[in-house]
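Trainee: The structure is given below, and queries will be raised subsequently.
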Amino acid sequence: MSDPTIAVTGATGQLGGRVARLLAGAGIPLRLLVRDPSRAPGLPGATVHVAPYADTGAATRALTGVDVLFMVSASESEHRRAEHEAFVAAAARAGVRHVVYTSFLGASPEATFTLAKTHAATEGDIVASGMAYTFLQDSFYMDMARAVVGEDGVIRGPAGHGRCAFVAHEDVARTAAHVLQDPARHAGRTYRLTGPETLAFDEVARITSEVEGTEVRFHDETVEEAYASRRAWNPPSWQADAWVSTYTAIARGELDVVSGDVEAVTGTAPMTFREFLRRRG
């Protein structure tokens, strides 16, 4: 039997790009599904196909003949739910047998983090499609924990003393690459991908200060203050809700989860936030 044909979405981004490079480095031929082919990485054995999630015709053509699909969640937008629904339908129509989807830790219709509700709906669409699946429920990324430090060195948000096991893109990518190389072994599984420790934002601030030699602190806003401080960017309401609920989900303990799934799948423990900052620097 020939090896399965693997398609990778999001290859121009942080996560999909890492997964594509890991698979190409292992000598696995790939189809890279992108929106902008000029940004696609040049990888040995990879072909590039233009297939925006919402373009069902292009997606169906690009996925025809694909056995295993790595589906990175679409860019945050008010249309993400519909884009995911259309893409899953295209994958099923094209005959894809197995979808590995990057979901979110605690994805649920009742989740506090608003975008986690979209992930739950997409998981439901994939299950209902009849395709085999593996869900990678990622915690918030370590990149985000660093990116929310303002230019004045202050992290602002209504997170209280809530804790989160932030995870590195690199560890999610390693896990995804392992799953994609032996998908049948992971069919029907949901993996919770977290870092090895939970951190409150005051600890994120302290560790960032120590590693980078700068003064970083956390200001625990009220929800009202959080919405007010983000009006400077004039976000649409769905975006403001997503930004603020990032912190309120943490405050409510919904991300206070440490899972051993990264190490269980890959054989290597995930990096700590301190290790992430040192590598980043």
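The values are calculated or read from the model by the stated rules, or taken from the named source; none is laboratory data. Only a predicted model underlies this, so the values are computations on that prediction, with no experimental measurement involved. Reconstructed Cβ throughout: ideal geometry from the backbone, glycine too, with neighbour counts over all protein chains shown.
Trainee: How many of the residues in region 1-45 are surrounded by fewer than 23 Cβ atoms within 10 Å (Cβ to Cβ) and assigned to a loop (DSSP other than H, G, I, E, B)?
Mentor: 19
Trainee: Let me ask something else. Within region 217-270, count every residue that is within 20 Å of Ala159 (Cα to Cα), small (Gly, Ala, Ser) and surrounded by 15 or more Cβ atoms within 10 Å (Cβ to Cβ).
Mentor: Here the count works out to 8.
Trainee: Could you look through region 177-204, keep only residues that are assigned to a strand (DSSP E or B) and among the charged types (D, E, K, R), and pick out the one that is farthest from His161 (Cα to Cα)?
Mentor: It comes out as Arg189.
Trainee: Looking at Gly150, Gly124, Gly160, Gly130, which one is at pLDDT 95 or above, touching an Asp or Glu at 6+ places or on another chain (Cβ under 7 Å), more than 22 Å from Glu263 (Cβ to Cβ) and not polar (S, T, N, Q)?
Mentor: The conditions single out Gly160.
Trainee: Pairs needed: first member in region 126-137, touching a residue at least 12 places away in the same chain (Cβ under 8 Å); second member anywhere, of a type in the set (D, E, K, R) and assigned to a strand (DSSP E or B); C-beta distance under 9 Å; at least 6 residues apart or different chains.
Mentor: Between residues of region 126-137 that are touching a residue at least 12 places away in the same chain (Cβ under 8 Å) and residues that are of a type in the set (D, E, K, R) and assigned to a strand (DSSP E or B), the close pairs are Tyr133/Arg189; Thr134/Arg189; Phe135/Arg189; Leu136/Arg192; Gln137/Arg192.
Trainee: Quick check on this structure: which one of Val265, Val244 is in contact with a strand residue (DSSP E or B) (Cβ under 9 Å, 6 or more places away or on another chain), assigned to a helix (DSSP H, G or I) and within 22 Å of Ala177 (Cα to Cα)?
Mentor: After applying the criteria, what remains is Val265.
Trainee: I've got another one for you. Can you tell me which of Arg278, Arg252, Arg274, Arg231 is under 21 Å from Glu151 (Cβ atoms), of a type in the set (D, E, K, R) and more than 19 Å from the chain's Cα centre (by Cα)?
Mentor: Arg231
Trainee: Still on this structure: From the set of residues in region 128-163 that are of a type in the set (Phe, Trp, Tyr) and touching a Lys or Arg at 6+ places or on another chain (Cβ under 9 Å), which is farthest from Thr248 (Cα to Cα)?
Mentor: My answer is Tyr133.
Trainee: Return yes or no: is Arg174 among the charged types (D, E, K, R) and either under 22 Å from Val8 (Cβ atoms) or part of a helix (DSSP H, G or I) (or both)?
Mentor: yes
Trainee: Condition first: free of Cβ contacts under 8 Å to residues at least 24 places away in the same chain, assigned to a helix (DSSP H, G or I) and in contact with a helix residue (DSSP H, G or I) (Cβ under 8 Å, 6 or more places away or on another chain). Now tell me which residues in region 211-230 satisfy that.
Mentor: The one that is free of Cβ contacts under 8 Å to residues at least 24 places away in the same chain, assigned to a helix (DSSP H, G or I) and in contact with a helix residue (DSSP H, G or I) (Cβ under 8 Å, 6 or more places away or on another chain): Tyr227.
Trainee: Any idea which of (1) of a type in the set (Lys, Arg); (2) without any contact (Cβ under 8 Å) to a residue 12 or more places away in the chain; (3) under 20 Å from Thr102 (Cβ atoms) is the one Arg192 doesn't satisfy?
Mentor: Just one mismatch for Arg192, condition (2).
Trainee: Looking at Arg185, Arg206, Arg174, which one is within 29 Å of Leu69 (Cβ to Cβ) and surrounded by fewer than 17 Cβ atoms within 10 Å (Cβ to Cβ)?
Mentor: Residue meeting the stated conditions: Arg185.
Trainee: Shifting gears a bit: Can you say whether Leu105 is hydrophobic (A, V, I, L, M, F, W, C), modelled with pLDDT of 95 or more and under 20 Å from Val172 (Cβ atoms), as far as the supplied structure shows?
Mentor: Taking the combined requirement at face value, the residue satisfies it.
Trainee: Is there any pair with a first residue in region 79-104 that is over 22 Å from Phe140 (Cβ atoms) and a second that is assigned to a helix (DSSP H, G or I) and among the small types (Gly, Ala, Ser) whose Cβ atoms are under 6 Å apart and which are 6 or more apart or on different chains, and what are they?
Mentor: Correct list of pairs: Phe87/Ala59; Val88/Ser129; Ala90/Ala59; Ala92/Ser129.
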